[in-house]
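Below is one structure, written out as structure tokens; comments come after it.
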Amino acid sequence: MEGLSLDEEFLDVTAIVKLFGSPEIIASNIKQRILNETKLTASVGVAQNKLVAKIASDLDKPDGRVVVLRDSLRKPLDPRPVQVIPG
């Protein structure tokens with residue numbers, strides 16, 4: 001886990017997929033747990049790296065789960081302006 005800001009974290013699930021399921025399932029379970037325990041929604045981006053995951057999480061706020069797969073990377077990202085790149 002790596003904190004990005006007060007309300008944002010990166011989580012590398014590579015080592016736990018055999019225990020907890022695919023990254024998409026893990027993301028859905030995390031969102032549900034956040035809702036159950038805090039009554040707050042969360043947006044989650046699932047991708048092969050932190051940059052794309054961050055962009056993906058911003059695509060469907062306030063309660064989205066966006067999955068950007070390596071082989072379909074261009075479809076959700078190409079139409080976006082360069083300003084979606086953080087920093």
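Things to note:
- Computed E for Gln83/Glu24 - FRET, C-beta separation, R0 30 angstrom, nearest 0.05: 0.65
- Hydrodynamic estimate: the Kirkwood radius of segment 7-57 over Cα pairs, inserted into Stokes-Einstein at 37 °C and 0.692 mPa s, corresponds to D of 286 µm²/s.
- The three principal axes of the C-alpha atoms in the chain carry coordinate ranges of 35, 28, 20 Å, sorted with the longest axis first.
- Nearest-ten-degree value, helix 23-38 long axis tilted from longest Cα axis of the chain: 60
- Taking the chain and dividing mean pair separation by its residue count, relative contact order in percent (alpha carbons under 8 Å, at least six apart): 18
- Highest mobility in the GNM of the chain, judged by mean-square fluctuation with C-alpha springs under 10 Å and restricted to Gly45, Gly64, Gly21, is found for Gly21.
- Compared with the dominant principal axis of the Cα atoms in the chain, helix 50-59 is inclined by about 90°.
- Between segment 1-17 and segment 61-82, the alpha-carbon centres lie 18 Å apart.
- Cβ-derived FRET efficiency at R0 30 Å, Asp60 paired with Ser5, nearest 0.05: 0.95
Values in this text are rule-based calculations from the coordinates and carry no lab data. Please read all numbers here as calculations on a predicted model, not as lab measurements. Positions of Cβ are backbone-derived with ideal geometry, glycine not excepted, and every protein chain shown enters the neighbour counts.
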